[in-house]
Amino acid sequence: MPRLTQRKPVARAAGHGVRMETHAQPDSTSRPSDRGNAAVAQMLREMADLLQAQGEANPFRSAAYRRAADTVAASPVAVVELFEREGLSALDALPGIGPGIAAAIAEIAQTGRWTRLDRLRGTSDPQAVLRTIPGVGSQLAARLHDELGVETLEELELAAHDGRLERLPQLGARRAAAIRAALTQLLDRTRLLRRPAAGPSLQPQVPVELLLDVDRQYRAAAAAGQLPRISTRRFNPEGKPWLPVLHTHRAGHNVTALYSNTARAHELGRTHDWVVLYVEDGAHRERQYTVVTAARGALAGRRVVRGREDECAAWYARAAGAPRAATAA
């Protein structure tokens, strides 16, 4: 079986901050068939190591990944095959494997990759995932990711059903319907396997005040050089660690904050303005939010959560003790 190689995170002083190189990634021979228990356990341990090296605020998370890695490594049954035979509930029943880690193993089983791990490695390429949909090429994948903020097939399916996909400029209802049908076909088998243990597919909306406060904390700490930095694979030909990462725990949510490393952010020079927040609730469901500086309208110059400008305007008005401000354009 091809071997997964790993360079451990290296943290070193850089002024008053921390520089961290996270080049851990599969070697060139790695394929989705690398799904044996040893490979899965290694990925779980790597997640624990990265969280610890990146200053995870909730130490129980890294400990949970290590316990799960021990369970997977010791299992006489291949956990990927167990999922493919019996679904998510069979993984959740294993000692030390809760619903969040069971979902991670399911993703590894289906794709050979783990999106959250790739994100912390700096090797994430969500557009490659979107290009697996028939009829979605590189340009459309970039638009789906940058304009809708989706990283997974499940997130795109949600956007297809709540109307956001159809409203994407120049896409049109017919093409949106074709993408929705292709997604349904791709995800049908996954849905059947996950149904026994799956609850609601997405957590409720997180209050904008929490998101804006994490955004403030992240940008201040990044500017002060107080955060570990990831060396990303995309748009980083020199391989320098440049992307600050913050892990924090707020009101029952685990939040990871990163500047946007999308093609659009680089094109517009917004890599140090657009902040992407990945918010995981107690049921291990994750939502993604992007916080930006409003360019026009009543909120020009203020930080707003994309798609939730009305709520941000209301919150700013409450904070100022004034009547509700007009919505940003």
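Mind pulling up the Rg/Rh value for segment 247-311? Radius of gyration and Kirkwood radius, both on Cα. Display every interim value, and only then the final one.
Working: Rg = 13.1 Å, Rh = 12.9 Å.
For segment 247-311, the value is 1.02.
Report the extension gain between Arg270 and Lys240 in nm, rounded to one decimal, defined as 0.36 nm multiplied by the number of residues separating them, less their alpha carbon distance. Walk me through the numbers on the way to the answer.
Working: separation 30, 0.36 × 30 = 10.80 nm, distance 1.83 nm.
Additional length available on full extension: 9.0 nm.
Can you tally the net charge around Arg45? Count Lys and Arg as +1, Asp and Glu as -1, for every other residue whose Cβ sits under 10 Å from the Cβ of Arg45.
Values: positive: Arg66; negative: Glu46, Asp49, Asp70.
Surrounding charge for Arg45 is -2.
By the scheme Lys and Arg +1, Asp and Glu -1, what is the net charge of all other residues having a beta-carbon under 12 Å from that of Ala221?
It works out to a net charge of +2.
Using a Förster distance of 22 Å, how high is the FRET efficiency between Arg296 and Glu209, based on the Cβ-Cβ distance and rounded to 0.05?
0.45
In segment 228-329, carbon and sulfur make up what percent of the accessible area (probe 1.4 Å)?
49
Could you work out the per residue convex hull volume over the alpha carbons of segment 52-105, in cubic angstrom?
With only Cα atoms used, segment 52-105 gives 76 Å³ per residue.
Heavy-atom accessible area of His249 with all protein chains present, probe 1.4 Å, nearest 10 Å²?
90
In µm²/s, what is D for segment 33-74 at 10 °C and 1.306 mPa s, where D = kT/(6 pi eta Rh) by Stokes-Einstein and Rh is the Kirkwood radius from Cα pairs?
155
With viscosity set to 0.692 mPa s at 37 °C, what whole-number translational diffusion coefficient in µm²/s follows for segment 221-263 from Stokes-Einstein and a Kirkwood radius over Cα pairs?
Diffusion coefficient, whole number: 284 µm²/s.
Using a 1.4 Å probe, what is the accessible area per residue for segment 245-329, in Å²?
45
Work out the FRET efficiency for Leu171 and His284 from their Cβ-Cβ distance, taking R0 = 35 Å, and round it to the nearest 0.05.
The formula returns an efficiency of 0.65 here.
Over all alpha-carbon pairs of segment 212-329, lay out the pair-distance distribution in 10 Å bins, whole %, shortest bin first.
13, 39, 35, 12, 1
Between Ala320 and His249, what is the FRET efficiency for a Förster distance of 35 Å, r being their Cβ-Cβ separation, to the nearest 0.05?
E between Ala320 and His249, to the nearest 0.05, is 0.75.
Return the distance in nm (one decimal) between the two label points of a simple spin-label model at Glu86 and Ala223, each offset 7 Å from Cα along Cα→Cβ.
Between Glu86 and Ala223, the label points sit 5.3 nm apart.
Need one number: nm distance between label points at Ala63 and Ala263, each 7 Å from Cα along Cα→Cβ, rounded to one decimal.
Reported label-point gap for Ala63 and Ala263 is 4.4 nm.
The values are calculated or read from the model by the stated rules, or taken from the named source; none is laboratory data. Note that the coordinates shown come from a computational prediction; the quantities given were computed from them, not determined experimentally. Glycine gets a Cβ as well: all are built from the backbone with ideal geometry, and neighbour counts include every protein chain shown. We work out accessible area using only protein heavy atoms, side chains counted, and drop any ligands, DNA or RNA first. Shrake-Rupley method; radii C 1.70, N 1.55, O 1.52, S 1.80 Å.
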